[in-house]
Every structure is written in structure tokens, then in C-alpha cells.
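What follows is a single structure, written as C-alpha cells, with notes after it.
The values are calculated or read from the model by the stated rules, or taken from the named source; none is laboratory data. Fair warning: this is a prediction, and the values are worked out from it, not measured in the lab. For neighbour counting, all protein chains shown are included, and Cβ atoms are generated from backbone atoms with ideal geometry for every residue, glycine included.
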Amino acid sequence: MAFIGKSIKRKEDLRFLVGKGTYIDDIELPRMLHAAILRSPYAHARIKEVDLKGALEYQGVLNVLTGKEVAEMSNPAMQMNFKLKTQNAYCMAVDKVRFVGEPVAALVATDRYIANDALDSIDVIYEPLPVVVDPEEAMKSGAPLVHEEAGNNTAYHDLFNYGDVEKAFKEADHIVKERFKYHSYTSTPIETNGVIADYDSARGTLTIWANFQLGGMLHRTLSDLLKIPENKFRLITPDIGGGFGNKCNIFHMLLIGLLSIKIGRPVKWIEDRRENFIGNMRGSDRIFESEAAVKKDGTILAIKTKLIDNVGAYLRFPEPIGIIRAFQTVLGCYKIKNLLIFNSGARSNIGASDDIRVILFMETDFDCIKSVRVILLKLNCIFTSELSLIKFEKFLFLTEALMDSLKSMIRT
């Protein structure tokens, strides 16, 4: 209680203000090499051949890693999916690429400039395939399959049915329909992703430094995918120059870890801004449709909603949390007794979606708020009846003063 109502001096700022922060690119290790990643220029294509001869002959290049080697050296990451057949995925494309920017090969060299220049020496022959990027088109029968073994592009789907929706719609005075569409987006932290991996072949230990937001949560997952026992795998997170969900991607760490294991020396990779845009994970685009059964006084009897999230080429952690959250929050503060909610995720030929800015909470809240606003405008109401609004007293965290302020704001 001693801190309430007082201005508290921050403790963590001084070392940053005097330039004493330690970010991923500040770390230097003896005998460290530098990595560069060759990324696909195609959204969907089979990999027919990867010719490494030119890269291996390039002065300063020490080794190259391909998707086939990745499949041999690491375990596949099972895509998050609770009800449908899952497809395994690696940190690099093995047989075909599924989005622009997907890694196809990686190399290590004596410095970063040589590594990036040498990428042009890798010759990849692609067989382009039909592309699908729209989530509604992707879920139609006959659409190009992102993962042939799945048989369709539905990454996740679920249904929540509560009450008697059909009866409520029959009793309604008005049926109000609306459709919202959200574009994909990403965050742009000042510092891009970076990884340093150091494999000690004598001890069989691997240490990874990464500006990764979920280190403790995914340590066990990383050790399993890298085939390194947990007690021989260490993950260190230095200072992070901004993240906003952009730095929840484990696949960079897997790739650089495998490079270090293969060559037996420390390897550093620092993402450039272009890679950050095309190769990193992003916020999902969404299509949301709502249909409300409404009485003349504004009481909402029932809601039907249909949501499709474009999860991209792979359903990767933390998805499908963004889709599932819509079940939890789609009603906002309204007590609607009859609900029919259908949520799904579609695979497509764009990068996988991620936990960007609280992973679709904003969109889900907006769905609710905007739907109610559409109802009010179409019915020429000032506000919905108290029959549909949860009493403020139910929110235990509200103080009396804040309750009075909120009520005044709503009346206004």
C-alpha cells in the first residue's frame, strides 16, 4: 500500500540510458560464424533441385544446410490442432514451399556480408503450383491444397451452440446482419529477430541465445525438436528491443541450432528488415459475420456468428488461441441467452499467424461492439435495453466512482 498514489522511480532504465544494455547482436563468441537464410520467392512450389556447388565453392563459406538435412537432424513440429488431422512441419521447407519467405537453405560463413552475398550462389529449381491466399476461397472444395495429406485447407473448426437459437429468431422483431473484414498486420520492433547457437560436441550440449519472448514456456519443446536432452540444452534471453508478439517464433532458433550442431562452432544470425516482413509470423486476417435476433426495444434475443481466420501455411503456436478466444469474448458485456458460434481457421499460401498484439483480442472485441452499434443504428435506438446489458454491479473490480463515470458516459 506504500506505493499507491505515489510516483515511483523506475529501476530498470539507467543501464539502457547509459548504453549498458546487452542485446543479441552485442554478444560475440570465440570462433563465431555468421548465417544467412535463402528464402522462397514463390508462395507455392515444389522444390525440384537445390544445387549447393556454387555456395560451397564461395570463398568464406564453410557449410550449407538444406531441408532434407533438417528432416534428418530434427523432429518435426506438430501443428497445433485439436480436432483435425495434423501435419508435421520443419524449420525449413523439405519438399515444397508454402509461402513467400519460407526458408529453403541456409549457409554459414566467416562474416555476415559473405554469407548474404553467397546466397546468390545457391541454385534452386522450383515447379510453381496454384496459389490460394483468401481464407474463404481456401476452404472451398477444389481449392489448391497447402498440405495435400490433409485433404483440405481447414486448419481448425469448432461449434458452440447454447440455448434455443432457432426459437429466438422466430420470436424476433428484426434480424440484423453484418459482415466485417480485417486485414493481416504485423508489429515492427526496432530490433529484429536474432539467434546465436553454440554446440559443444565434446559434451553434447547446446546453448542458444535469442531475443525470444517465450523462453521458459517452450524450452522443452525446443529440446525435443532439436533432439537435445533438456539437461543439455540451455536457452538464454538477453535484453529485447521490442517484441509485441513478433518474437514468439521458435523456428529461427531451430534452424540456427542445427547449423551449429552440423558445423560444431558458434553461429550467429541477425534478421534484416526485409526478412522480418516476409519471413516472420504475422497477425491473422479475419472474416466475421454476425446475425442478431432483436426485439423492438433493442433486446438481443440471439446471436449467430461465423468467423474465419487466415492462419497461413502452418497452424503454429500459439494458434489456434486467436480463434478460440472468439468463443470467450464475442458477447462482450451483453447477456445474450441464445448463441450459435462457428469459428474456423483456414490454411493458405501466406506466412503463419502469431501472437501479434494480444492475438486477436482487439478484433473480437470490435466484432461485439460494432455489431451492437449496427443494431442500434438500424433500429434507431439510443442503447440496448437493460435486458441485454450486464449490470455494472456484476463487475466486482469497478469502484463506485468508476461505475458512476461509466454510467454517465453511456447516458451521454
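Values as computed for the structure displayed
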read-out	value
Meets criteria (among the small types (Gly, Ala, Ser) and over 27 Å from SER187 (Cα atoms)) for SER223	yes
Failed criterion for ARG15 (all others in (1) in contact with a Gly (Cβ under 9 Å, 6 or more places away or on another chain); (2) more than 18 Å from ARG347 (Cβ to Cβ); (3) in the same structural domain as LEU258 (by TED's automatic domain parsing) hold)	(3)
Filter result for GLU69 (out of contact with any Ser or Thr (no Cβ under 6 Å at 6 or more places or on another chain) and acidic (Asp, Glu))	yes
Residues satisfying the stated conditions in the stretch 1-27, i.e. without any contact (Cβ under 8 Å) to a residue 40 or more places away in the chain and charged (D, E, K, R)	LYS6, LYS9, ARG10, LYS11, GLU12, ASP13, ARG15, LYS20
Cβ-Cβ under 6 Å pairs, at least 6 apart or on other chains, the stretch 207-220 side without any contact (Cβ under 8 Å) to a residue 40 or more places away in the chain, far side among the hydroxyl-bearing types (Ser, Thr, Tyr)	GLY215/THR237
Among the candidates ASN116, ASN152, residue that is polar (S, T, N, Q) and either farther than 24 Å from LEU315 by Cβ or in contact (Cβ under 8 Å) with a residue 24 or more places away in the chain (or both)	ASN116
Residue under evaluation ASN276, criteria (1) out of contact with any helix residue (DSSP H, G or I) (no Cβ under 8 Å at 6 or more places or on another chain); (2) free of Cβ contacts under 8 Å to residues at least 60 places away in the same chain, criterion not met	(2)
Subset of the stretch 151-165 that is more than 21 Å from the chain's Cα centre (by Cα) and of a type in the set (A, V, I, L, M, F, W, C) - its residue that is surrounded by the most Cβ atoms within 10 Å (Cβ to Cβ)	VAL165
Search result, residues across the stretch 191-213 that are surrounded by fewer than 19 Cβ atoms within 10 Å (Cβ to Cβ) and under 18 Å from GLU271 (Cβ atoms)	GLN213
Filtered residues of the stretch 226-249 (kept if part of a helix (DSSP H, G or I) and in contact with a helix residue (DSSP H, G or I) (Cβ under 6 Å, 6 or more places away or on another chain))	GLU230
Residue within the stretch 75-92 that is of a type in the set (A, V, I, L, M), modelled with pLDDT under 95 and out of contact with any helix residue (DSSP H, G or I) (no Cβ under 9 Å at 6 or more places or on another chain) present	yes
Matching option when the condition is modelled with pLDDT of 95 or more and among the hydrophobic types (A, V, I, L, M, F, W, C), among ALA115, ALA172	ALA115
Filtered residues of the stretch 338-355 (kept if assigned to a loop (DSSP other than H, G, I, E, B) and of a type in the set (D, E, K, R))	ASP354, ASP355
Single residue of the stretch 299-347 satisfying the filter (more than 14 Å from the chain's Cα centre (by Cα) and polar (S, T, N, Q)) that is farthest from PRO144 (Cα to Cα)	THR299
All positions within the stretch 326-354 that are surrounded by fewer than 23 Cβ atoms within 10 Å (Cβ to Cβ) and of a type outside the set (A, V, I, L, M, F, W, C)	GLN328, THR329, GLY332, TYR334, LYS335, LYS337, ASN338, SER344
Number of the exception - GLU191 against (1) assigned to a strand (DSSP E or B); (2) farther than 30 Å from LYS306 by Cα	(1)
